[in-house]
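This report concerns only the one structure given below.
The values are calculated or read from the model by the stated rules, or taken from the named source; none is laboratory data. Bear in mind the structure is a predicted one, so any value in this text is a computation, not a measurement. Using ideal geometry, Cβ is built from the backbone for each residue, glycine included, and neighbour counts are taken over all protein chains shown. Protein only, heavy atoms only, side chains kept; ligands, DNA and RNA dropped before computing areas. Shrake-Rupley method; radii C 1.70, N 1.55, O 1.52, S 1.80 Å.
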Amino acid sequence: MKKHNFSAGPCILPQEVMQKAAQAVVELDNSGLSLIEISHRSPAFIEIMDKATSLAIELLGLQDKGYKAMFLQGGASQQFLNVAHNFLETKAGYANTGTWSTKAIKEAKLLGEVVELSSSKDANFNYIPKGFDIPSDLDYLHITTNNTIFGTQYKALPETNVPLISDSSSDIFSRSLDFSKFDLLYAGAQKNMGPAGATLVVAKEDALGKVSRQVPSMLDYKIHADKDSMFNTPPVFAVYTSMLTLQWLKEKGGISAIEKENEAKAALMYGEIDRNPLFDGFAAAEDRSSMNATFTLNNASLKDSFEAMAKEAGLNGINGHRSVGGYRASMYNALPIESVQVLVDVMKTLEQNA
Ligand SMILES: *Cc1c(COP(=O)(O)O)cnc(C)c1O
């Protein structure tokens, strides 16, 4: 039986994407060859890379706005370092909203002065600090639009004139934002796009290649942009699968269409968390993530029965991250609302049986 997959990442992808990707591993488009045995410089793969990057730009509404999309490697974690290499000249500002921001700050500190402009560490990162001062002499401000572990999400972007850079690994392509406000954003593929192994980087082209330090080639966004993500062998399977997911999203009506579905799923999930006396939400209500809902069971004696019922209902991946505890329901683009309903029904049944 297919499980209801609430895993935080790697995570659920559309079924049809899985099938097409599996088929391409066997044989790509009746070519007599597998996707993973052809040259990345073959016309067939160049077309795949072009499609994947142009779909990313199109879905984000960034056509003709001077942006370049790239598929790189090393995960979002590699970008923590790459961002600093490519943009940190004298001083960068970071908003610390959780585990991933903390790691981004640590890497940037290797290369220059880093100011932590705000932090919600005082409350185990259960909210998004707002209205903090942003000095005008920063090289950039780095934020994490969605905090996968703690379940918080910026509903509005900070107002600033300094270049804005974001780790959007866990909410890319899930909701409408004015993406032209970013100089650069990045996202590991494995949360809303494809398998692990590729990281999407979308950058304003004229912001690249400006830093005075010598950037090692593999860390240099300008080199990857100029080479159309083919400076070295790209992760062909991850790029192809991401392309399929982006095509799927476009056919569904793009970000504005999926955003409505994501809002409906989040409303159903948080509605039950708030209604059911056995559960408490973890994140501050106004900052709740539409992708990752974090919550706790307030009656420890029911833990075993809740988890047994969840398992019985085919729910997968609802355990919270060890730094938060409790539960986390990750509701990425491909998760159907029916799966959320199954989880909500289990929570209701637990209450009725208690
Ligand atoms: C998962 C995640 C990461 C880490 O991604 P890797 O690809 O494993 O390096 C970083 N930031 C956020 C917001 C994430 O959700």
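Order the following by accessible area, largest value first: Trp100, Trp248. Probe radius 1.4 Å; ligands, DNA and RNA are ignored.
So the residues, ranked largest to smallest area, are Trp100, Trp248.
Could you size up the charge dipole of the range 267-351 around its Cα centre, putting +1 on the beta carbon of Lys and Arg and -1 on that of Asp and Glu, and report it in debye to the nearest 20?
In total the dipole reaches around 200 debye.
Enter the Cα centre distance for the pair the range 104-183 and the range 72-92, rounded to the nearest angstrom.
14
For the range 100-160, which GluC sites (Glu not before Pro) are in a loop by DSSP, counting at most 16 other Cβ atoms within 10 Å?
Sparse-neighbourhood loop GluC sites (Glu not before Pro): Glu159.
Which length gain, in nm to one decimal place, applies between Lys51 and Asp64 when the Cα-Cα distance is subtracted from 0.36 nm times their residue separation?
Full extension from Lys51 to Asp64 adds 3.1 nm.
Provide the per-residue ³J(HN,Hα) series for the range 331-342, in order, calculated from phi with Karplus coefficients 6.51, -1.76, 1.60 and θ = phi - 60°, each as a whole number of Hz, with x at glycine and proline positions.
10, 5, 3, 7, 6, x, 5, 4, 5, 5, 4, 4
With all protein chains present and a 1.4 Å probe, how do Val25, Val239, Val215 order by accessible area, largest first?
Val25, Val215, Val239
If R0 is 22 Å, what FRET efficiency do you get for Glu338 and Lys250 from their C-beta distance, rounded to 0.05?
0.45
With unit charges on the beta carbons (Lys and Arg positive, Asp and Glu negative) and the dipole taken about the Cα centre of the chain, which residue among Leu249, Ile46, Gly317 sits farthest to the positive side?
Final value for the positive-end residue is Gly317.
Could you size up the charge dipole of the chain around its Cα centre, putting +1 on the beta carbon of Lys and Arg and -1 on that of Asp and Glu, and report it in debye to the nearest 20?
With Lys and Arg at +1 and Asp and Glu at -1, about 420 debye.
What whole-number volume per residue, in cubic angstrom, does the convex hull of the C-alpha atoms of the range 254-353 give?
About 99 Å³ per residue, rounded to a whole number.
Kindly report, to the nearest 10 Å², the accessible surface of Asp228 as traced by a 1.4 Å probe over protein heavy atoms only.
Only protein atoms counted, so the area is about 80 Å².
Largest first, what is the accessible-area ranking of Lys103, Lys91 with a 1.4 Å probe?
Largest to smallest exposure gives the sequence Lys103, Lys91.
With a 1.4 Å probe and every protein chain left in place, tell me how much accessible area Phe6 has, in Å² to the nearest 10.
0
Which whole-Hz ³J(HN,Hα) couplings does the range 54-70 yield from phi under the Karplus relation 6.51 cos²θ - 1.76 cosθ + 1.60, θ = phi - 60°, glycine and proline marked x?
6, 5, 4, 5, 5, 5, 7, x, 10, 5, 6, 10, x, 9, 10, 9, 9
What is the antiparallel percent of DSSP beta bridges lying wholly in the chain, to the nearest 5?
Approximately 55 percent, going by the DSSP bridge assignments.
For the chain, what value does the Rg/Rh ratio take when both radii are computed over Cα atoms and Rh is the Kirkwood radius, given to two decimals?
That ratio equals 0.98.
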